[in-house]
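What follows is calculated from the coordinates using simple rules that are stated; it is not laboratory data. Since we're looking at a predicted model, the values are computed, not measured. All Cβ positions, even for glycine, are placed from backbone atoms using ideal geometry, and neighbour counts span all protein chains on display.
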Amino acid sequence: MREGIDWAAVKEEAVEILRDYIRIDTTNPPGREEAAARYLQRILQREGLQPELFLPTPERANLLVKIGDGKGAFLLLHHMDVVPAERDKWSVDPFAAELRNGYIWGRGTLDTKGFGVAQLMAFLLVRRQGIRLKRPLWLMATADEETGGRWGVRWMLENVPAVREVAFVLNEGGTVRLNPDGTLHHYEISTAQKTVAQFRLRTTGRTGHGSIPHGDNASERLVEALSRLVRWKDPVKVIPLVKEYFRNLAPLQPPEDRPFFEDIERGLENPHFAKRFLGQHHYNAMVRNTHTLTVLRAGSKVNVIPSEAEAIFDCRLLPGTRREDFFKKVREVIGDRRVELLPLEGFEGIAPPPSPTDGLLYQAIVRVARRRDPGCIVTPFLITGATDSRFFRARGIPCYDFSPFRLTQDEVNLIHNHDERISVENLLFAVQFLYELILEVAT
């Protein structure tokens, strides 16, 4: 890493930028990321850069800034929007960006404004150091990731041709995973993700007075269908990427579990191991298609039988699973034609193939990781959520999901949760890692 950088000053600057960034409420819906984009634009303009703003619709904005000319750009990507926060469930105001006990608290600290500020600082350091690059370096901050990407990455790829010409992309996703005691476990880089296949169940019935049951109650019919569906689990299916992931983690397991991890497909045939393994929710989601009940709607008055009831499921499918095939199974489990399954729009039905692990960017991440943590395990993995990477992968552009934050599982669980926060030291580590990665890839 280059000498002469005042990392204490960099840390202080990153903290202040992130706190101001968090205070700009970009909850999506409605998003309104333009204010956040203009905040980043002002910072970049003060450095003599010329960031471009793209507004696909009022108050929704995307920002793109470049260092260097030519083709084959290395794109740093993050999104500016955040999910809603239940303010009454937080210990602090989720948009006050409090600095407490070495942590910055607030919605977006982990997903993904913290990552965005780490990218920004590494980007600015390259500029300030006057480093000569052999390939262009781009930074893009986008809208609308949390509700499908229509006004963000998807729009940029469709409307800004240059974005389709980048060589590879670094986006959110994997992290540096820590044991509960804070020691290193492994590095994980997402090269693929599950497909979003959210759906609605809807049924109708006959309205009437609640004091006179009549047997055609939409709420009761829906509850019966839900009772069958929430108890059902799609069978375990281990795809090659997931098999490789657990094989790579085998050396880190207790001796009695190593043989199971070395061949997780065979290991899950052991009922005692399978029960323990599948009881870890993040592992369970990697080896089967999942459907989670998240929204229920029916009725508005206690003494009126509703004429309509609906439930919404967040469904995630393993690569290789066709949405239509899974929905057919769901209908068979429900077993009632009066309950209608309606796919939600806005997400893609087919997962693109994984990005290659022999690519330049993936291998550069591995080298930087092993300089930082000699002998560490670095593994590709399947992310069970959805990121904007799917839009790039669908166009054949390698995209790697890796936010260099050192997190325990409890800290990972803060994403989309109450009291989301990131440590100041973690923020600095990410800046340093990304700066070193840029030097590895672009110089």
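Taking the C-alpha atoms only, the angle from helix 360-372 to the longest principal axis of the chain is near 70 degrees. Projected onto their three principal axes, the Cα atoms of segment 240-284 cover extents of 22, 21, 17 Å, largest first.
Neighbour counts of C-beta atoms inside 10 Å place SER91, SER355, SER389, SER300 in the sequence SER300, SER91, SER355, SER389, starting with the fewest.
Inter-label distance, VAL333 to GLU265: 2.3 nm, where each label sits 7 Å from its Cα along the C-beta direction. For the pair GLU244 and GLU308, a Förster radius of 45 Å applied to the C-beta separation gives a FRET efficiency near 0.45, rounded to the nearest 0.05.
Extension gain, GLU340-ARG200: 0.36 nm per intervening residue step, less the Cα-Cα distance, totals 49.6 nm. Ranking SER227, ASN101, VAL15 by how far each Cα lies toward the positive end of the dipole of the chain (charges on Cβ) leaves SER227 at the top. Our coupling estimate for segment 407-416, obtained by passing each phi through the Karplus curve with A = 6.51, B = -1.76, C = 1.60 and θ = phi - 60°, is 10, 7, 4, 4, 6, 4, 5, 6, 5, 6 Hz, Gly and Pro reported as x.
Between the helical axis of 7-23 and the dominant principal axis of the chain, each derived from Cα atoms, what acute angle in degrees is found, rounded to the nearest 10? In the chain, helix 7-23 runs at an angle near 40 degrees to the longest axis. In this structure, LEU278 and SER211 have a Cβ-Cβ separation that, at R0 = 45 Å, corresponds to a calculated FRET efficiency of about 0.50. Annotation: amide H-H contacts under 5 Å for THR175 (H modelled 1.01 Å from N, sequence separation of 5 or more, or interchain): GLU188, SER403.
Against the chain, whose longest principal axis is taken from its Cα atoms, helix 424-442 shows a tilt of about 70°. For ALA73, the residues whose modelled amide H falls within less than 5 Å of its own, excluding neighbours fewer than 5 places apart on the same chain, are ALA167. Restricting attention to the chain, lysine pairs at least eight places apart or on different chains and with alpha-carbon atoms under 19 angstrom apart total 15.
Full extension of the chain between GLU324 and GLN45 gives 95.6 nm of extra length, using 0.36 nm per residue less the Cα-Cα distance.
Expressed in Å, the radius of gyration and Dmax of the Cα atoms of the chain are 23.3, 80.
The slack in the chain from ARG164 to THR57, taken as 0.36 nm per residue of separation less the alpha-carbon distance, amounts to 36.4 nm.
Protection proxy ranking of 314-320, 268-274, by the mean of other Cβ atoms within 10 Å over each peptide's residues and highest first, is 314-320, 268-274. Taking a Cβ cut-off of under 9 Å around ARG32, the surrounding Lys, Arg, Asp and Glu residues balance to a net charge of -4, with basic ones at +1 and acidic ones at -1.
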